[in-house]
Amino acid sequence: MDNREIADRLEAFATLLELVEANPYTARAYRRAAETIRGAALPVADLARSGRARELRGIGPGIETRIRELVETGEIAELAELERELAPDLVGLGRYLGLGAKRSIELARALDVRTADELREAAAAGRLKSVPGIGPKTEARLLEALAREHEPRPRQGLLLNGAWELVGGIAEAVDGHPAGDARRWRDSCERLAVVCAASDPGPVLARFAALPQIVAVIEREERRAMGVTVEGVPVELVAAEPERLGTALLRATGSPAYVEALEPLPDAPDEEAVYSALGIPWCPPELREEPFRGEPPELVTPNDIRGDLHCHTTRSDGRASVEEMGRAASERGYDYLAICDHTPAVGAVRGLTPDDVRRQAEEIAAANEVLAPFRVLRGIECDILPDGRLDLRDDVLAELEWVQASVHGGQRMPRAEMTKRVVEALRNPYVRCLSHPTGRYINRRPENALDLERAFEVALEEGTAVEVNGLPSRLDLSGQHVREALDAGLEIVCSTDAHSVRGLGNMALSVATARRGWATAAQVVNTRPLDAILG
Ligand SMILES: [Zn+2]
Ligand SMILES: [Zn+2]
């Protein structure tokens, strides 16, 4: 049994533990152990046999026992038991059809079916209505969903970070390429796809079906399969002939409108060759939304970013200290990091008073001594009060090196009022950047009623930038709004709004969103050296 097989089984165990709603820490511990084992240089089976598995990070006595059982007997008894009882493929299919995990398990028990195929048979034989609680309406809905021929879609798009984790993990496991909406860095991903090259598609389709992330395969063709995760999210695998890989990847990446406008696509082993056969320049995936055959601009890249201008520490709702955040930013190769904790009006979490701001200045000065020449900047994420005034006095703001202004509370106000509020804040000479300008939460809260065009006009007059917030649930401005802001002549700031060291990694999401708005490095404030930020 090799490391990958051991890791797959532990991950499957973690998924089932989550399903039975066991202690979430246990499930997470198994997931972490699986990750460690996947990356381990030594054969873990040998370590387990000689009683040394615990030398690996994150493997305690409980998990060690399971690994030994797995290596010695080829199975984890409790896992096999859970699989018999829970039928995870039915749970995945049930969720895809719109049923909760519990309901799916009840359905499986009542019909005495064990697999997705058996469920289909039972449904076709008209047995669904024999299940208590399933009326004619639900039966009709389930039958319709089961018979659905068109492209499966998750009921709600996945946030970009989750989509990348899923698609990236599967791509790695089948030695393929991430495609679909994630490759275009859409803020909410519906088409989740992986493309790989295979002369003989059989083995890779089998490998896909056996992945721990995929609990049931709901469609299967010679070179294509559609699997679902235990959450009911459909994921597509395309196994292309090697000489057509580029064509398949392009088709699985672009929006339908983009691809349609390029058809008929020539066959080619890589995307560059497809584009050159079409006689048009290669197009970055982020721009493959609307039909486009032209020369794309030189888009900003993560390497252009010199610093992050919006993050939090333990003084408000962050999880790391000034020095920890600064060190992490420095290790990312940045030259600077602005600490922008909240102000008191934010309400739900702690905010900094003028005294706190001065105390934090000492902490920042101390960090700068340790981290020089890297520079931690004194910043703030200052609330915009309902009447448009800022939550800190001007004399306090004047001391700071970077001021973000944010609407948090009272977001439901009417358009005229909200616009006046934001415009008022933008007129403050100390404000350098408007944070998450629309206030949306993807799939959860719509944009504030703000006249964005008017806000952009005033920002331009005042020389104030607008943020592309990289939190996966925000991505605010969106790509579309970035384009509008740039067309209006504004500059943007790519920020993470990190609340932890790990959160600094969301810069990739912010930059990709800026790219979707056609941003070049010259239009992004934090591609510039420290002097330009301070000036
Ligand atoms: Zn905020
Ligand atoms: Zn923030």
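The values are calculated or read from the model by the stated rules, or taken from the named source; none is laboratory data. A quick note: this is a predicted structure, and the numbers were derived from the prediction, not measured. So basically every Cβ, Gly included, is an ideal-geometry build from the backbone, and we count neighbours across all protein chains shown.
Quick notes on this one:
Here is a yes/no grid of residues against (1) in contact with a Gly (Cβ under 7 Å, 6 or more places away or on another chain); (2) in contact (Cβ under 8 Å) with a residue 24 or more places away in the chain; (3) crowded, with 19+ Cβ neighbours inside 10 Å:
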{"residue": "213", "(1), (2), (3)": "yes, yes, yes"}
{"residue": "219", "(1), (2), (3)": "no, yes, no"}
{"residue": "222", "(1), (2), (3)": "no, no, no"}
{"residue": "230", "(1), (2), (3)": "yes, yes, yes"}
{"residue": "239", "(1), (2), (3)": "no, yes, yes"}
{"residue": "256", "(1), (2), (3)": "no, no, no"}
{"residue": "267", "(1), (2), (3)": "no, yes, no"}
{"residue": "285", "(1), (2), (3)": "no, yes, yes"}
{"residue": "293", "(1), (2), (3)": "no, yes, no"}
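Residues are listed down the side, and each one gets a yes or a no for (1) aliphatic (A, V, I, L, M); (2) buried (at least 20 other Cβ atoms within 10 Å of the Cβ); (3) within 27 Å of residue 517 (Cβ to Cβ):
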| residue | (1), (2), (3) |
| --- | --- |
| 242 | no, no, no |
| 247 | no, yes, no |
| 253 | no, yes, yes |
| 289 | no, no, yes |
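- Residue check for residue 387: away from ligand 2 (no atom under 12 Å from the Cβ), in contact (Cβ under 8 Å) with a residue 24 or more places away in the chain and touching a Pro at 6+ places or on another chain (Cβ under 7 Å): no
- The residues in the stretch 1-42 that are loosely packed, with under 15 Cβ neighbours inside 10 Å and not in a helix (DSSP H, G or I) can be counted, and the count is 7.
- Checking residue 329 against (1) in a helix (DSSP H, G or I); (2) within 27 Å of the chain's Cα centre (by Cα); (3) within 16 Å of ligand 1 (Cβ to nearest atom), the condition it does not meet: (3)
- You will find that of 132, 203, the residue that is without any contact (Cβ under 8 Å) to a residue 12 or more places away in the chain and surrounded by fewer than 17 Cβ atoms within 10 Å (Cβ to Cβ) is 203 and no other.
- Test: residue 349 is away from ligand 1 (no atom under 16 Å from the Cβ) and either out of contact with any helix residue (DSSP H, G or I) (no Cβ under 9 Å at 6 or more places or on another chain) or not in a loop (DSSP other than H, G, I, E, B) (or both): no
- Within the stretch 116-137, tally of residues that are over 16 Å from residue 232 (Cβ atoms) and within 33 Å of the chain's Cα centre (by Cα): 1
- Flag for residue 31 being in contact (Cβ under 8 Å) with a residue 24 or more places away in the chain and within 24 Å of residue 210 (Cα to Cα): no
- Unmet requirement for residue 371, which otherwise passes all of (1) modelled with pLDDT under 95; (2) more than 16 Å from ligand 2 (Cβ to nearest atom); (3) not charged (D, E, K, R): (1)
- When residues of the stretch 492-503 are limited to those that are surrounded by fewer than 21 Cβ atoms within 10 Å (Cβ to Cβ) and more than 16 Å from ligand 1 (Cβ to nearest atom), the one nearest to the chain's Cα centre (by Cα): 502
- Scanning the stretch 417-431 for residues that are more than 15 Å from ligand 1 (Cβ to nearest atom) and closer than 24 Å to residue 526 by Cβ returns 426, 427, 428, 429, 430.
- Scope the stretch 426-482; condition aromatic (Phe, Trp, Tyr) and within 14 Å of ligand 2 (Cβ to nearest atom); matching residues: 441
- Within the stretch 374-411, if we keep just the residues that are modelled with pLDDT under 95 and small (Gly, Ala, Ser), the residue that is surrounded by the fewest Cβ atoms within 10 Å (Cβ to Cβ) turns out to be 409.
- Counting only helices (runs of 4 or more DSSP H) that sit wholly inside the stretch 47-129, those with at least 2 residues that are under 21 Å from residue 217 (Cβ atoms) are 77-86, 88-96, 101-111, 116-124.
- Note on the stretch 443-463: residues that are in a loop (DSSP other than H, G, I, E, B), closer than 17 Å to residue 384 by Cβ and away from ligand 1 (no atom under 16 Å from the Cβ) amount to 2.
- Residue match in the stretch 310-318 (condition: under 19 Å from residue 512 (Cα atoms) and either more than 16 Å from ligand 1 (Cβ to nearest atom) or under 24 Å from the mean Cα position of the chain (by Cα) (or both)): yes
- Taken residue by residue, the stretch 196-205 has at least one member that is closer than 23 Å to residue 97 by Cβ, assigned to a helix (DSSP H, G or I) and of a type outside the set (Asp, Glu).
- Residue within the stretch 324-335 that is among the charged types (D, E, K, R), closer than 20 Å to residue 533 by Cα and either in contact with a Pro (Cβ under 9 Å, 6 or more places away or on another chain) or within 16 Å of ligand 2 (Cβ to nearest atom) (or both) present: yes
- Restricting 471, 490 to those that are part of a loop (DSSP other than H, G, I, E, B) and either among the acidic types (Asp, Glu) or in contact with an Asp or Glu (Cβ under 7 Å, 6 or more places away or on another chain) (or both) reduces the list to 471.
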